[in-house]
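First the structure, which I've put down as structure tokens, then a few questions once you've had a look.
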Amino acid sequence: MFKGRHFDRSVILLCVRWYLAYNLSLRNLEEMMAERGIGVDHATVHRWVVRYSPELLERFNRRKRAVTKRWHVDETLYLMGVAGHSHSMRPG
């Protein structure tokens with residue numbers, strides 16, 4: 001996936017993750033990387049986002065757990081009230 005890239009895999013993934021997860025501009029990421037001693041252009045970060053986002057999304061979806069229709073009632077919900085009736089938790 002990252003074969004032959006000028007930058008390390010961790011730098012590429014970090015930039016793509018920060019861009020997608022947080023409300024950061026490409027120029028903000030360029031400045032943040034410069035503060036860490038990594039000289040990367042905002043256009044390069046944009047190319048990384050365009051190139052790696054679909055593949056990362058596909059890998060994420062493959063590892064994501066399946067959603068089921070089963071659910072469990074938590075005990076605290078029963079103690080707090082069922083069908084509008086409140087229950088006292090004081091010992092009797």
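The values are calculated or read from the model by the stated rules, or taken from the named source; none is laboratory data. Not measured: the values here are computed from a predicted model. Don't worry about glycine lacking a Cβ; one is built from the backbone with ideal geometry, like all the others, and counts go over all protein chains shown.
Could you list all residues from region 18-30 that are modelled with pLDDT of 90 or more, assigned to a helix (DSSP H, G or I) and surrounded by 12 or more Cβ atoms within 10 Å (Cβ to Cβ)?
Result: W18, Y19, L26, N28, L29, E30.
Any residue in region 44-72 that's in a helix (DSSP H, G or I): show its pairings with residues that are hydroxyl-bearing (S, T, Y) at Cβ separation under 8 Å, as long as the two are six or more apart or on different chains.
Every condition considered, the pairs that remain are V45/Y19; V49/Y19.
Further question on the same structure: Give me a count of the residues in region 44-88 that are out of contact with any Asp or Glu (no Cβ under 9 Å at 6 or more places or on another chain), closer than 19 Å to V11 by Cα and modelled with pLDDT of 85 or more.
10
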